[in-house]
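Colleague: Let me begin by handing over the structure; questions about it come next.
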Amino acid sequence: MAKDELMNYEKALEQFEVVIGLEVHVELNTKTKMFCGCRNEFGDEPNTNVCPICIALPGSLPAVNRRAVESSISIGLALGCEIAPTGRFARKNYFYPDLAKNFQTSQYDEPIAYEGQLEVEVPSGKTFTVLIERAHMEEDAGKLTHVGGNTGRIQGAEYSLVDYNRAGVPLVEIVTKPVYGAGAEAPELAAAYVRSIREIVKALGVSDARMERGNVRCDANVSLRLHGAEKLGTRTETKNVNSLRSIERAVRYEIQRQAAILAKGGTITQETRHWHEDKGATSSGRPKSDADDYRYFPEPDLVPVQPSKELIESLRAALPEQPSVRRKRLQGEWGFSDLEFRDVVNADLLDQIVETVAAGAKPQSARKWWTGELARIANAEEKDAAELAITPAEVAELATLVESGKINDRLAREVLGYVLAGEGSPSSVVAARGLEVVSDDSALLAAIDEALAKQPDVLEKIREGKVQAAGAVIGAVMQAMKGSADAGRVRELILERAAQ
Ligand SMILES: [Zn+2]
């Protein structure tokens with residue numbers, strides 16, 4: 001992969017206006033596929049969930065999954081879209097080994113939902129309105145695994161395997177209109193937009209919304225034009241970016257790459273690009289076809305989808321609260337400051353804290369654990385805190401152990417290490433390793449007396465009002481007890497001794 005020349009980010013933004021467009025594919029979690037009765041299940045044995053319809057044997061006939069249509073309408077409504085009274089499926093013709101039919105059943109000029117919008121807040125606190133052009137139904141393709149190369153890509157591979165279990169899984173593709181005016185915050189806006197979509201489909205319960213499994217994937221379009229120019233620049237489309245961090249990085253990279261080319265008088269090739277997480281760079285994919293290359297035509301084997309007004313209204317009535325409304329409610333319930341709450345959202349930890357609080361932790365201690373120690377460990381391991389091997393219920397358990405005085409902060413961090421290493425729940429680690437703080441006053445008093453014997457003037461100083469003199473004794477006791485003492489209780493006992 002040739003190394004691209006990049007322009008300094010600030011310099012690129014001085015010269016060019018950034019325009020982005022986002023296409024998000026959401027895999028629905030229906031029990032069965034879009035047009036047949038095969039199971040829709042991640043991780044099953046390859047090519048076990050297939051039938052004549054989803055691998056398109058001659059004579060097989062598809063039928064639309066009612067549940068998938070309802071889920072698609074719910075997504076459209078949650079995005080403030082109009083719902084089409086009649087929507088047709090179309091064949092998008094192209095050949096690829098993961099597409100047994102040689103066409104993808106999709107929607108073209110009659111999408112189920114169109115003209116919506118979504119309020120998206122970026123990390124700085126600024127809010128942008130992203131206009132939604134359409135949300136349409138389609139089916140996923142199969143999954144190709146390229147074996148033998150070291151990149152997992154087709155280049156350099158010895159052979160490829162195809163799994164058609166995913167072929168025909170229902171997808172909703174949500175397409176924005178061009179997004180202007182985000183400037184330097186375009187990368188953050190792209191990531192925040194996808195985060196909001198993920199929150200919505202999760203709240204609706206229509207998708208598992210796990211990005212690492214490809215349930216939510218984003219194609220990010222980026223183009224640049226000179227400030228004040230009318231005409232949009234040529235765009236590139238970075239495909240299937242599947243983490244929020246990668247989306248942000250990929251958009252930033254494309255801005256810097258395109259700016260360097262344009263500043264030298266070069267032209268941008270309209271193409272798809274791939275994001276390489278390891279290299280932190282995009283690379284050229286294939287020239288991007290315009291719609292007419294796909295020879296779309298109406299799918300003759302499927303009748304148009306015509307949702308009744310009653311169905312649409314009942315789905316509208318069942319919508320969950322909007323992400324922005326939910327966030328305001330949670331912030332109020334938890335009593336977080338704007339800054340505290342924004343940290344949580346930007347670290348993508350909202351759901352973790354919801355679940356940790358639901359499991360019994362106080363909101364502030366749930367926040368401290370997730371944005372503090374857990375975020376630090378995750379950062380060191382270069383992953384998201386949510387990916388760590390600890391459940392919100394276990395974090396709640398840890399927080400409760402600290403609040404009840406059973407363990408102190410230092411012991412809690414030690415316990416956390418053992419939980420992450422797979423030794424079991426916090427309580428079982430505490431029990432198995434005997435990590436409880438010593439709450440037995442007689443043991444503490446013995447250690448205090450020993451420390452006082454070495455520092456005989458301390459009690460006198462305390463009696464003279466120099467209470468801070470207790471610090472040296474507390475330190476000695478903590479050391480003697482190997483950290484398993486409650487420092488607050490030690491301090492109380494020292495002061496009691498001084499008062500005797
Ligand atoms: Zn099937």
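The values are calculated or read from the model by the stated rules, or taken from the named source; none is laboratory data. On a predicted model such as this, the values are computed, not experimentally measured, just so you know. Cβ: placed from backbone, ideal geometry, glycine included. Neighbour counts: every protein chain shown.
Colleague: List the helices (runs of 4 or more DSSP H) that sit entirely inside the range 382-500 and contain at least 2 residues that are in contact (Cβ under 8 Å) with a residue 40 or more places away in the chain.
Modeller: On the way: elements: 392-403, 409-420, 426-433, 441-454, 458-463, 470-480, 487-499.
Output list reads 392-403, 409-420, 441-454, 487-499.
Colleague: Which residue, of 186, 157, is crowded, with 21+ Cβ neighbours inside 10 Å, away from the ligand (no atom under 16 Å from the Cβ), farther than 22 Å from residue 68 by Cα and of a type in the set (A, V, I, L, M, F, W, C)?
Modeller: Step by step, each of 186, 157 is checked, and only 186 is crowded, with 21+ Cβ neighbours inside 10 Å, away from the ligand (no atom under 16 Å from the Cβ), farther than 22 Å from residue 68 by Cα and of a type in the set (A, V, I, L, M, F, W, C).
Colleague: I need the full set of residues from the range 18-40 which are more than 13 Å from the ligand (Cβ to nearest atom) and either part of a strand (DSSP E or B) or not assigned by TED's automatic domain parsing to the domain that holds residue 223 (or both), in order please. I'd like the intermediate steps shown before the answer.
Modeller: From the range 18-40, those more than 13 Å from the ligand (Cβ to nearest atom) are 18-29; that's our starting set.
Within the range 18-40, 18, 19, 20, 21, 22, 23, 24, 25, 26, 27 qualify.
Colleague: Looking at (1) surrounded by fewer than 12 Cβ atoms within 10 Å (Cβ to Cβ); (2) at pLDDT 95 or above, which is the one condition that is false for residue 250?
Modeller: (1)
Colleague: Has the range 78-99 got any residue that is part of a helix (DSSP H, G or I) and touching a strand residue (DSSP E or B) at 6+ places or on another chain (Cβ under 9 Å)?
Modeller: yes
Colleague: Can I ask one more? Can you name the condition, by its number, that residue 429 falls short on among (1) modelled with pLDDT of 85 or more; (2) among the aliphatic types (A, V, I, L, M); (3) farther than 30 Å from residue 388 by Cα?
Modeller: (3)
Colleague: Go through the range 201-245 and count every residue that is touching a Phe, Trp or Tyr at 6+ places or on another chain (Cβ under 6 Å) and farther than 25 Å from residue 347 by Cβ.
Modeller: 1
Colleague: Quick test of your reading of the structure: residue 142 fulfils all but one of (1) within 24 Å of the chain's Cα centre (by Cα); (2) away from the ligand (no atom under 16 Å from the Cβ). Name the failing condition by number.
Modeller: Going through (1) within 24 Å of the chain's Cα centre (by Cα); (2) away from the ligand (no atom under 16 Å from the Cβ) one by one, residue 142 breaks only (2).
Colleague: Next question. So which residues in the range 229-257 are assigned to a helix (DSSP H, G or I), within 15 Å of residue 17 (Cβ to Cβ) and free of Cβ contacts under 8 Å to residues at least 40 places away in the same chain, if there are any at all?
Modeller: Listed by number, the list holds a single entry, 254.
Colleague: Being at pLDDT below 95 and either assigned by TED's automatic domain parsing to the domain that holds residue 308 or of a type in the set (Phe, Trp, Tyr) (or both) is the requirement here; does residue 84 meet it?
Modeller: no
Colleague: Against the conditions (1) closer than 26 Å to residue 256 by Cα; (2) touching a His at 6+ places or on another chain (Cβ under 8 Å); (3) among the polar types (S, T, N, Q), where does residue 176 fall short? Just the number, please.
Modeller: Unmet for residue 176, out of (1) closer than 26 Å to residue 256 by Cα; (2) touching a His at 6+ places or on another chain (Cβ under 8 Å); (3) among the polar types (S, T, N, Q): (2).
Colleague: Scan the range 298-324 for residues that are at pLDDT 95 or above and part of a helix (DSSP H, G or I) and jot them down.
Modeller: Passing the criteria: 309, 310, 311, 312, 313, 314, 315, 316, 317.
Colleague: Identify, please: which residue in the range 87-128 is among the hydroxyl-bearing types (Ser, Thr, Tyr) and touching an Asp or Glu at 6+ places or on another chain (Cβ under 6 Å) and is, among those, surrounded by the fewest Cβ atoms within 10 Å (Cβ to Cβ)?
Modeller: 127
Colleague: Related question: Among (1) surrounded by 15 or more Cβ atoms within 10 Å (Cβ to Cβ); (2) more than 10 Å from the ligand (Cβ to nearest atom); (3) in a loop (DSSP other than H, G, I, E, B), there is one condition residue 43 misses while meeting the rest; what is its number?
Modeller: All conditions are met except number (1).
Colleague: Still on this structure: Output the number of residues of the range 310-344 satisfying the condition of being among the β-branched types (Val, Ile, Thr) and touching a Lys or Arg at 6+ places or on another chain (Cβ under 7 Å). Reasoning before the result, please.
Modeller: So in the range 310-344, the residues among the β-branched types (Val, Ile, Thr) come out as 312, 325, 344.
Pick out the ones that are also touching a Lys or Arg at 6+ places or on another chain (Cβ under 7 Å) and you get 344.
Here the count works out to 1.
Colleague: Hey, can you tell me all the residues within the range 325-339 that are modelled with pLDDT of 95 or more and under 19 Å from the mean Cα position of the chain (by Cα)?
Modeller: Passing the criteria: only 330.
Colleague: Please find, among 4, 98, the residue that is closer than 23 Å to residue 285 by Cα and within 16 Å of the ligand (Cβ to nearest atom).
Modeller: 98
Colleague: So which residues in the range 338-385 are under 19 Å from residue 401 (Cα atoms) and charged (D, E, K, R)?
Modeller: Across the range 338-385, the qualifying residues are 355, 362, 367, 368, 373.
Colleague: Please go through the range 47-80 and pick out each residue that is within 16 Å of the ligand (Cβ to nearest atom) and either surrounded by 19 or more Cβ atoms within 10 Å (Cβ to Cβ) or among the small types (Gly, Ala, Ser) (or both).
Modeller: 49, 50, 53, 54, 56, 59, 60, 62, 63, 65, 68
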